[in-house]
Amino acid sequence: MYKISSRFFVYHLYLLFCLPIYGQVKKDTIGLSELIVKSLPIQNTIQNSAAPVSIITEKEIKQSDGVILTPILNKIPGVYMQQGSLNTNKITIRGIGSRSQYSTTRIKAYFEEIPLTSAEGETSLEDIDLEAIGGIEIIKGPNSTGFGAGLGGVINLFSNKTPNENSFAKSGTTVGSFELLKQTLTAGYSDKKSNFFTNYSALQNNGYRSNSSYDRKSFNLFRKQHLSKNDILSLFVINTQLKAYIPSSLSEIDYNNSPEKAATTWEAAQGFESYDKLLIGLGYQHHFSKNWSLNTSISTSFKNGYEARPFDILEDKSGAFSFRSKINHMTNLFSIPTTFSLGIETITENYHFSLYKNLYKSQPGQGSIQGDRFSEVEQKRNNSNVFVLMNMQLLEKLYLESGLAYNTTNYEQSDVFVKNKTDKKSYTFGSIWSPRIGLSYKISKGKNLYTSISKGFSTPTVAETLTPEGQINTDLKPETGINYEVGFKGNFIDSKLYIELAFYDMLIQNLLVARRIAEDQYMGINAGESSHRGIEFLVNYKWIPNLNFQLQPYCSGTINNFRFTDFVDKDIDFSGNKLPAVSNIQWNLGFDFSTNFGLNFNTNFGFFGKMPMDDANSKYTKSYQLLDAKIAYTFIILKKLKTEINLGMQNILNEKYSSSILPNAVGFGTALPRYYYPGNPSNFYGGITFTYLFK
């Protein structure tokens, strides 16, 4: 009798305190094609836009481990993120940026319309905690006339926001393999006039490889305030403190036999990077009338960094200011519904760095030891972009998009190492015009054909403009590309099935090549032309058998042919060879299963084809496949405390693969070339979050 009463009591206690969230999970009933592309200067739905746009929702971001964007971005057709370590990453879109050595270039990135890309064209997204991101939009290829120098495309991040008229406090902890520990504190408040969201996170990971421990603390704040019916003011702050050790790349022998080790010199020097970053942005929206609107944002950013490398020690500081503004006007032009957008974006950046000798060899086992300074340089970078866009509804089913942008970029460098003497060099890339035109035709309800022609460009980084003697190479030209594209976006079976298909052909001229001349020294050259041809596809299906379950299977992928069409370097003709560091096939297959009683399960299987590792195509990586899965259960305690428990596993098949490669690696002395960054073996993570709902 006592056992029966105990069970009865526990059962009713569970019903009282730990009710599953019946009716609490909102069904995802909005079709993908109906989503508005908010980052376009003239907003439009995915369905009607004559551009290849991919949207990643907050729900999809939360299906990952919450540590890094890699598995999220690699589901997008045409996008490939290589992860050398948590702080060494490289994103390519349609093959653009694949020959970059350690960082993302040729791609622009924004956070709430504030530039994240530096004035010289480098982008780092790993600083932003995933908890603070409420959505991502990716515009692929040079279809982004309103954003300036981004030949590969544009990645737009949006802040997480508090649901309408809600307030909450949230605490979360995630633990996992390789001593992963992430702790977050989040709070939010919203009413009819304001929206407030803030987040603090501390992320630690000892890493699979030696000398790869990672420690990042970040603070994020977003505030939107409706000053009046026609005025909205927004503020956001991102502060990051990082110290991350660097294992660097491995030779083929070490990769095959001891992938968990670090490069010998980097481990001996205990190489690492550390920095403090602060980004503050302010946005203002004003509606003059129903047909006139203004959107303006300003931002300032600061960085104070220190990086210990085997060959030297770098101290650097930077400060930047950006301004972006656009005016939109809706009217009838010759009785045709038309929307204009006129805008400007400017970025000014001051960068100062000093190089010191690293004396780590003098005291073995002590790590990096700073010696005498042997270089000190100041740089000023300026980038301006003016654009005008026009969208017209030519016929009931025919839409026209057109645009033209004008860009100027200037670099100035001063060698201030020698006292009382300043060696100043300056360079400008002149004026660059970027036109675009696109057409979208509605075949029938929910089905559109589109075509576009667009021209884009990317300017060299400051490092690429420098010769081995430290002089600016004034003969260097920006990369330019013309993209021809045809695509289809369509809904079937009462909008449950959504299909995208795109064919593109892009020719890149004045191809920028980073020629390696020392262990950490590269020289940029214009080496010829490359051809980027590909097919991208996406299939999404939404199956809702009853009110309790929802299943969303998907399949996406890309097949491409990226080749040098005219490329001669050091009297070696690479014409006809494939571009290194990008595979010719990539696809994903997975599903998301959700219930109205709080249980969610998602899994993804990704396949990545082999990649050439150098311009000569003399070596290839092996193709690999990754299987990831995550399960989560959400329930309510005492009607106010929302609790989620989750468990996930990455690389379930324990695949041995290279998560990133260093293209055209060169061995110096007797050392072998170090091409490989080993990917993580099978690893687990699990977490629990508590969210207190005030209303």
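Please treat every number below as a calculation from the coordinates, not as lab data. It should be emphasised that the depicted structure is a prediction, and the values quoted were computed from it without experimental measurement. Reconstructed Cβ throughout: ideal geometry from the backbone, glycine too, with neighbour counts over all protein chains shown.
Sorting 331-340, 218-227, 368-377 by their mean Cβ neighbour count within 10 Å, with the most densely packed peptide first, gives 218-227, 368-377, 331-340.
Rounded to whole Å, the principal axis extents of the Cα atoms in region 161-300 read 67, 31, 24, largest first.
Here the calculated FRET efficiency for Tyr692 and Phe605, from their Cβ-Cβ distance with R0 = 35 Å, stands at 0.40, rounded to the nearest 0.05.
Here the label points at Glu34 and Phe353, each 7 Å from Cα along the C-beta direction, are separated by 4.9 nm in the simple model. The H on the amide N of Asp592, modeled in the peptide plane, is under 5 Å from the matching H of Gln552, each at least 5 residues off or on a different chain. Once the Cβ-Cβ distance of Ser444 and Phe591 is raised to the sixth power relative to R0 = 41 Å, the FRET efficiency obtained is 0.90.
Backbone phi angles across region 437-445, fed through the Karplus curve with coefficients 6.51, -1.76 and 1.60 (θ = phi - 60°), yield HN-Hα couplings of 9, x, 10, 10, 10, 8, 5, 7, 4 Hz in residue order; Gly and Pro are listed as x.
Considering region 582-625, its Cα convex hull presents a mean projected area of 3.6 nm². Our helix-only sum for the chain, with -39,500 (n - 2.57) per DSSP H run of n ≥ 4 divided by its residues, gives a mean residue ellipticity at 222 nm of -1500 deg cm²/dmol. Quick one: Debye curve from the alpha-carbon atoms of region 282-349 only, equal weights, vacuum; give me log10 I(q)/I(0) at q = 0.15, 0.17 Å⁻¹ to two decimals. Once normalised to I(0) and log-transformed, intensities are -0.66, -0.74. Taking all Cα pairs closer than 8 Å and separated by 6 or more residues, the relative contact order of region 2-693 comes to 12 percent. With R₀ fixed at 51 Å, the C-beta to C-beta distance from Leu647 to His286 puts the FRET efficiency at about 0.60. Near Asn230: Cβ cut-off under 14 Å, other residues only, Lys/Arg at +1 and Asp/Glu at -1. The net charge is +2. Taking the three principal axes of the alpha carbon atoms in region 2-693, the coordinate ranges are 81, 77, 48 Å, sorted in descending order.
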